[in-house]
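Quick note: the coordinates plus some simple rules give every number you see, no bench work behind them. What you are looking at is a predicted structure, and each value in this text was computed from that prediction instead of being measured. Please note: Cβ atoms are built from the backbone with ideal geometry, for glycine as well, and neighbour counts cover all protein chains shown.
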Amino acid sequence: MFATLIRLLHQWKQYNRSLNELSRLGDRELADIGINRSDIPAVAWRATHSG
């Protein structure tokens, strides 16, 4: 149970880090990598839960 809690905490931190990094990019930079601003939460979620 403790290991599960640690894993969830790690995933939450990773999600927030991805969300913040993508949110700091400008619209032009996001367009260059094929992401709309409204897609940021989904992209951050997939990055956290892939692999």
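Being assigned to a helix (DSSP H, G or I) and in contact with a Phe, Trp or Tyr (Cβ under 9 Å, 6 or more places away or on another chain), is that true of even one residue in segment 22-33?
There is no residue in segment 22-33 that is assigned to a helix (DSSP H, G or I) and in contact with a Phe, Trp or Tyr (Cβ under 9 Å, 6 or more places away or on another chain).
Let's see how each residue does on (1) surrounded by 11 or more Cβ atoms within 10 Å (Cβ to Cβ); (2) of a type in the set (A, V, I, L, M):
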position: Thr4; (1), (2): no, no
position: Gln11; (1), (2): yes, no
position: Leu19; (1), (2): yes, yes
position: Arg24; (1), (2): no, no
position: Leu30; (1), (2): yes, yes
position: Arg37; (1), (2): yes, no
position: Pro41; (1), (2): yes, no
position: Ala44; (1), (2): yes, yes
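Pairs needed: first member in segment 1-25, under 15 Å from Ser50 (Cβ atoms); second member anywhere, of a type in the set (Ser, Thr, Tyr) and surrounded by 10 or more Cβ atoms within 10 Å (Cβ to Cβ); C-beta distance under 7 Å; at least 6 residues apart or different chains.
Every condition considered, the pairs that remain are Gln11/Thr48; Gln14/Thr48; Tyr15/Thr48; Ser18/Thr48.
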